[in-house]
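The structure appears below as structure tokens.
Every read-out reported here was derived from the displayed coordinates using simple, explicitly stated rules and does not represent laboratory data. Please read all numbers here as calculations on a predicted model, not as lab measurements. FYI the Cβ positions are ideal-geometry reconstructions off the backbone, even for glycines, and counts take in every protein chain you see.
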Amino acid sequence: MEDHELTHDELVWANRIKEELWKSTRIKDGSISDWECVELALTSIERSQDLQVAEDQAWKLQCFREHYNFEVDMKEAEAMQLLRDIILQMPGSILGLDYLRDSGHYLFVYDFAKFFPDRIQTERDWRSLMGGFYVLHQIMNSNLSSIRQGASFIFECEGAGFHNMDPAVEQRWLMEFGSFYPLKKHEIQWIHAPSVAVMMYSMVKRFVPAADHQVNKMCGDLEGFEGGRIDQLYNQPTLEVAQEHLIQRLPQCLRERMINQQNFLLPVPTTRPHAPPTMSITAEPVDDDDNASVIMEFEEDEYYSDG
């Protein structure tokens, strides 16, 4: 199986989801792309092939975009502005987003000590925060390999305290977006995690998908890295220069996703089990050599962990 091909089972499941959304009275025409049907399929095929869960995720994604006025086929200029906004909103918090070609998935590195929830006050602030993470999640599902493998996350927590964490902010982020977006987690490592980070995670744990608990690791040092805080690997030569370089690299990552979001069409599945259909994806995986007030209320269901 090539990274640009769906297996027979994947294609059949994706088309079943597409048909279910087409029949749904909750899902509006054109509100969920074929690529998003693939995201829903590949992130659930090993866990649970439940059409109701897939429809619920699609409906919540539709509600999210309507609430913040995001188009299904977002233009590159708007997406890049959202990325700039979130990077400048909390300078130094987003350290890196890189495609690991050898393993075929993305690595996202975040510094929690640079996240200040008291800066999230107005709905405009929330739109910047949600919009930025929405585009970042889309990038992490840019190609079939990255969707299948899932994204890896490293969260630097050294120096983080209560001023960096707010249960209400974390809860709203998870309820409105983080708990249902179809992004598989390959691994989540919280390094130098103080007790406040462990306590914060326990407070929002019930909103976190059950599958994510299995890959969450609260650890001391990052294996293979003994140089203190991880930000010193990224903020070179200065924080300002590093952040500008990050912004300059992101369009290449973004375009692959946008091509598939706007142009990909699910082919009709075949019943021949030994001849899996193939499809061509125009975009190539990136090769990065450089280094509040209104909460959308959703009912909890089996997609969420009750633990």
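The charge dipole of segment 93-251, taken about its Cα centre with unit charges on the Cβ atoms of Lys, Arg (+1), Asp and Glu (-1) only, comes to about 560 debye. Each label point was placed 7 Å from the Cα along the Cα-to-Cβ direction; for Q49 and E187 their separation is 3.0 nm. Taking the average, over residues, of other Cβ atoms within 10 Å as the packing measure, peptides 37-43, 235-241, 209-215 rank 37-43, 209-215, 235-241 from highest down.
Between H186 and A151, S152, the built amide H atoms are under 5 Å apart, and every one of these is 5 or more places off in sequence or on another chain. Footprinting exposure proxy ranking of S202, S179, S31, S103, fewest other C-beta atoms within 10 angstrom first, gives S202, S103, S31, S179.
Applied to segment 121-128, the Karplus parametrisation 6.51 cos²θ - 1.76 cosθ + 1.60 on θ = phi - 60° returns per-residue 3J(HN,Hα) values of 10, 9, 5, 5, 4, 5, 5, 5 Hz, with x for Gly and Pro.
Using θ = phi - 60° in the Karplus curve 6.51 cos²θ - 1.76 cosθ + 1.60, the 3J(HN,Hα) couplings for segment 253-259 round to 5, 5, 5, 4, 5, 5, 4 Hz; x is entered for Gly and Pro. Loop-located GluC sites (Glu not before Pro) in segment 54-148 (DSSP state not H, G, I, E or B) with no more than 15 neighbouring Cβ atoms inside 10 Å: E71.
In segment 70-263, the alpha-carbon atoms span a convex hull of 121 Å³ per residue. Taking each of K28/K114; K18/K205; K23/K205; K184/K205; K114/K217 in turn, the alpha-carbon distance tops 28 angstrom for K28/K114; K18/K205; K23/K205.
When the chymotrypsin sites (Phe, Trp or Tyr not before Pro) in segment 58-144 are filtered for DSSP coil states and for at most 15 other beta-carbon atoms within 10 Å of their beta-carbon, no site remains. For segment 224-267, which chymotrypsin sites (Phe, Trp or Tyr not before Pro) pass both filters: DSSP loop (anything but H, G, I, E, B) and at most 14 other C-beta atoms within 10 Å? The qualifying sites are F225.
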